[in-house]
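Working notes, beginning with the structure itself.
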Amino acid sequence: MSVATAEMALTEDARQERQLIGAKAVALGRTVSVDRVRVPVNGTIVDIEIPTVDTVDHAKLGRPVDNRYASSKAMVMNRLKMTGWASATVISCLPIPLTSDSTMEPLRKARVPAVADGEEYSSLTFTNPHLEHSQIGPDAPLACYDFQPIQLATEFQRVYAPHGGVFAFIGTPDDVKNPNWPHRADWEAAKAKAVKWMEQMHREAQSYADQKVFYAIREPHRASVRRLHERGHLKTMPEWLEQKNDTATVYPVCPKCQKRADSPHAVECMACHYILDPQGAYEIQAIDESHAALERLTRATVTEMGISAYVAETIDEKAARLAAGVPKPMSLSAMRLREQMEEVNQSDRAEAAEAIAKAVAKASTPKAPKATQ
Ligand SMILES: [Zn+2]
């Protein structure tokens, strides 16, 4: 049901009630006054501004209220008013945008941008605590929990710990420029770890480029290489960096039916089932070692694949054999299979002969006279 349809379906009473609630909500307002309090942060006393009330009062709006939750929330709000809170910041020197894996409202929406060229870090600042309603066990009352800005900021540091380069602290982004910023050593260590991660991305991308699988090189690879170069960790940019995926990809055309494959990585023609890439098809087990398509590979390749004994003749052997006018050879495994089949046939023939002999013997033996009743 669309919003418009839902509006149409409202009764006149419901419409009026909704207008009334809306008007009350506007009258209540969301921001009231701001208290200025002094709280200790990192060992120094700082001034902090606290909005005294910033929530909708459901009871005043005539909505049903969970009294136990309301008292739990009031307790949390009072404590926050007494202790105050401090803004927290997360900084990142990673060349990729950061997201958190949390389902908690502010974290689900929060994004730390990729660091820009010429900048030491990108940043995101949390200025308010987050109140979360939660139940510990199905019978427990709904309770209110508060998450301090530093807890929200630290979530990014936790998620990106394997990358390095992400650091959360109480304060604002400008604090990093202060020579007395107390987290300098930790931040430098985080930055060094990020360089290691970007170098690893570079190596991975280079190995893809060496194997000519350009489609496997993703934006984080490119961004890491650009950042390494920009920061002076890399002398020259690799030539594959600006190579676009679509220029590197070739959609195979089936030599048998001339249809173009749906994917640049297709191993088989979907129209006529011709094997386009015998090695790839074998590796994903689309064909087995006895498949004739493998004869289009070279001896060196099938040897490397460990299936040389199964492939009678490879593409590099065919011309020489035809020139010599020799019939097509059998693979070692096919010869072994034929020997086995012959053994089976021989024993089958022996068994058959034995069975016939028995039957003949039986037929020629005079029948025993029927027993009389
Ligand atoms: Zn085809």
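Just checking: which of the strands (runs of 3 or more DSSP E) contained wholly in segment 59-151 hold 3 or more residues that are closer than 30 Å to ARG231 by Cβ?
On the way: elements: 88-92, 122-126, 130-134, 143-147.
Output list reads 88-92, 122-126.
Okay, residues lined up against (1) surrounded by 18 or more Cβ atoms within 10 Å (Cβ to Cβ); (2) touching a Cys at 6+ places or on another chain (Cβ under 6 Å); (3) over 30 Å from GLY165 (Cα atoms); (4) at pLDDT below 90:
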| residue | (1), (2), (3), (4) |
| --- | --- |
| VAL53 | no, no, yes, yes |
| ASP57 | no, no, yes, yes |
| LEU61 | no, no, yes, yes |
| TYR69 | no, no, yes, yes |
| LYS73 | yes, yes, yes, yes |
| LYS81 | no, no, yes, yes |
| THR89 | yes, no, no, no |
| LEU94 | yes, no, no, no |
- Task: Taking the residues in segment 130-186 that are more than 27 Å from ALA223 (Cα to Cα) and of a type in the set (S, T, N, Q) as candidates, determine which candidate is surrounded by the fewest Cβ atoms within 10 Å (Cβ to Cβ).
- Result: ASN180
- Item | Filter result for PRO369 (more than 23 Å from LYS212 (Cβ to Cβ), loosely packed, with under 10 Cβ neighbours inside 10 Å, more than 16 Å from the ligand (Cβ to nearest atom) and modelled with pLDDT of 75 or more) | no
- Residue that is surrounded by the most Cβ atoms within 10 Å (Cβ to Cβ), among those in segment 288-338 that are of a type in the set (A, V, I, L, M, F, W, C) and not in a helix (DSSP H, G or I): VAL311
- Note on the structure: Of those in segment 108-129 that are under 23 Å from THR83 (Cβ atoms) and under 28 Å from the mean Cα position of the chain (by Cα), the residue surrounded by the fewest Cβ atoms within 10 Å (Cβ to Cβ) is THR125
- Message: Quick check on this structure: which one of TYR282, TYR274 is hydroxyl-bearing (Ser, Thr, Tyr), at pLDDT 90 or above and away from the ligand (no atom under 16 Å from the Cβ)?
- Response: TYR282
- Can you name every residue in segment 239-262 that is away from the ligand (no atom under 14 Å from the Cβ), under 26 Å from the mean Cα position of the chain (by Cα) and either at pLDDT 80 or above or not hydrophobic (A, V, I, L, M, F, W, C) (or both)? TRP240, LEU241, GLU242, GLN243, LYS244, ASN245, ASP246, THR247, THR249
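The values are calculated or read from the model by the stated rules, or taken from the named source; none is laboratory data. It should be emphasised that the depicted structure is a prediction, and the values quoted were computed from it without experimental measurement. Methodologically, a virtual Cβ is constructed for each residue, glycine included, from the backbone with ideal geometry; neighbour enumeration extends over all protein chains shown.
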